[in-house]
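Here, each number is a calculation from the coordinates, and none is a lab measurement. Bear in mind the structure is a predicted one, so any value in this text is a computation, not a measurement. Neighbour counts run over all protein chains shown; Cβ positions are idealised from the backbone, glycine included.
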Amino acid sequence: MSVSYEQYCPIAKGAELLGERWTILVIRELLAGSRSFNDIARGVPRMSRTMLSKRLRQLESAELVERLEGGYLPTAACEELRPVLLGMGHWAATWMMQDPTEDDCDVELLMWWAHSRFVTAALPESRRTVLMFHFVDVNERYWTLVERGACSICLTDPGFEVDAFVSTDGPTMFKVWNGREPIDAAIRSGRLRFDGPSALTSRLPDVLRLDPATGLLGPGAGAPAPRLYR
């Protein structure tokens, strides 16, 4: 820890560790289920890999992270920060959040966050389901593959037949993801559209009905780690 407030106060002591730049976001990614260095880095794309290595070493030294072969595991002390981060998120959503700016709308990052929170139970269990997301404002496409409840994201066409198409724009999807706009309102406005067999598209509002209270903190312990394919 490079900062000391020189106060024998638990809030000051916590801020000395958690107040370092990027630290809270690294913890967010760990609590969201990311375990490998590369997966954590994908969740904080503007953080240098050198800085990420430094922050992970600090968290390991503080016993918030255990380094295992091939990855990082949040300790019980780190897991106890889950309600702290949720409380911070609720506070910011109430008092700070405005509509997303152009700089906020990194749709690749959004898809990385969101695909691990899709309600896959709303999809058929007996077969692979492939969804293609088209962000019309930036003309970018992403594919999600759901098999046996696990969801993967592809940055290029995986070569499977697409079962349904989702068309939207970055600001709309960010607002839905963060609970600032009900998904039904985005659909009614035409800014979120589904194309494909009605038996599947009728389920997509439930698949994408992301929980704003827990969306950025992932599914919790024991859930499958998210996967990304290029």
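So how do TYR5, TYR72 line up by other beta-carbon neighbours within 10 Å, fewest first?
The order, fewest Cβ neighbours first, is TYR5, TYR72.
Just to be sure I understand the model, the point goes 7 Å from the Cα along the line to the Cβ. What's the resulting LEU73 to THR101 distance in nm?
Between LEU73 and THR101, the label points sit 4.1 nm apart.
Could you give me D for region 1-78, from Stokes-Einstein at 37 °C and 0.692 mPa s, where the hydrodynamic radius is the Kirkwood radius over C-alpha pairs? Units µm² s⁻¹, please. Intermediate results must be reported in sequence, preceding the final value.
Numbers: Rh = 12.8 Å.
Roughly 256 µm²/s, to the nearest whole number.
Once the other residues with Cβ under 12 Å from the Cβ of ARG141 are scored (Lys, Arg +1; Asp, Glu -1), what is the net sum? If you can, show how the numbers build up before the last one.
On the way: positive: none; negative: GLU108, GLU140, ASP157.
Local charge sum for ARG141: -3.
Express the relative contact order of the chain as a whole percentage, based on alpha carbon pairs under 8 Å and six or more residues apart in sequence. Provide the component values of the computation, followed by the final result.
Numbers: 327 pairs, mean separation 49.0, N = 230.
Normalised by residue count, the contact order of the chain is 21 percent.
Pick out, from VAL162, PRO182, ALA114, the residue whose Cα sits farthest towards the positive end of the charge dipole of region 107-216, with +1 on the Cβ of Lys and Arg and -1 on the Cβ of Asp and Glu.
So the residue furthest toward the plus end is PRO182.
In whole Å, largest first, what are the principal axis extents of the Cα atoms in the chain?
Computed over the Cα atoms, the extents are 62, 40, 27 Å.
Evaluate the charge dipole of region 107-216 about its Cα centre and quote only its size in Debye, nearest 20, assuming +1 on the Cβ of each Lys and Arg and -1 on the Cβ of each Asp and Glu. Please report the intermediate quantities before stating the final value.
On the way: 12 positive and 14 negative charges, 49 e Å.
In debye, rounded to 20, region 107-216 gives about 240.
For the chain, what is the percent of antiparallel DSSP beta bridges, rounded to the nearest 5?
Restricted to the chain, the bridges split so that about 70 percent are antiparallel.
Counting only C-alpha contacts under 8 Å and six or more residues apart, can you give the relative contact order of region 107-216 as a whole percent?
30
Would you mind counting up the charge near GLY19? Only other residues with Cβ under 14 Å from its Cβ, with Lys and Arg at +1 and Asp and Glu at -1.
Computed value for this residue: +1.
What is the set of long-range amide H partners of ALA164 at a cut-off below 5 Å, with H atoms built 1.01 Å from backbone N?
Those lying under 5 Å, H to H, from ALA164 are VAL130, MET132.
Could you tell me which of ALA150, PRO171, GLY87 has its Cα farthest along the dipole of the chain towards the positive end, charges placed at Cβ (Lys, Arg +1; Asp, Glu -1), taken about the Cα centre?
Of ALA150, PRO171, GLY87, it is ALA150.
Which angle from 0 to 90°, rounded to the nearest 10, does the C-alpha axis of helix 49-61 make with the longest principal axis of the chain?
It works out to around 60 degrees.
Quick check of the Kirkwood formula: for region 107-216, what is the inverse mean of 1/r over all pairs of different Cα atoms, in Å?
When all Cα pairs of region 107-216 are included, the Kirkwood radius is 13.9 Å.
Would you mind pulling out the separation of the Cα centroids of region 3-82 and region 153-211, in Å?
Each part's Cα centre sits 32 Å from the other's.
Could you tell me how many cubic angstrom of Cα convex hull volume region 26-135 has per residue?
162
Taking the Cα centre of the chain as origin, work out the dipole magnitude from +1 charges on Lys and Arg Cβ and -1 charges on Asp and Glu Cβ, in debye rounded to 20.
240
Which whole-Hz ³J(HN,Hα) couplings does region 171-181 yield from phi under the Karplus relation 6.51 cos²θ - 1.76 cosθ + 1.60, θ = phi - 60°, glycine and proline marked x?
Calculated HN-Hα couplings, in order: x, 5, 5, 5, 5, 5, 4, 8, x, 8, 9 Hz.
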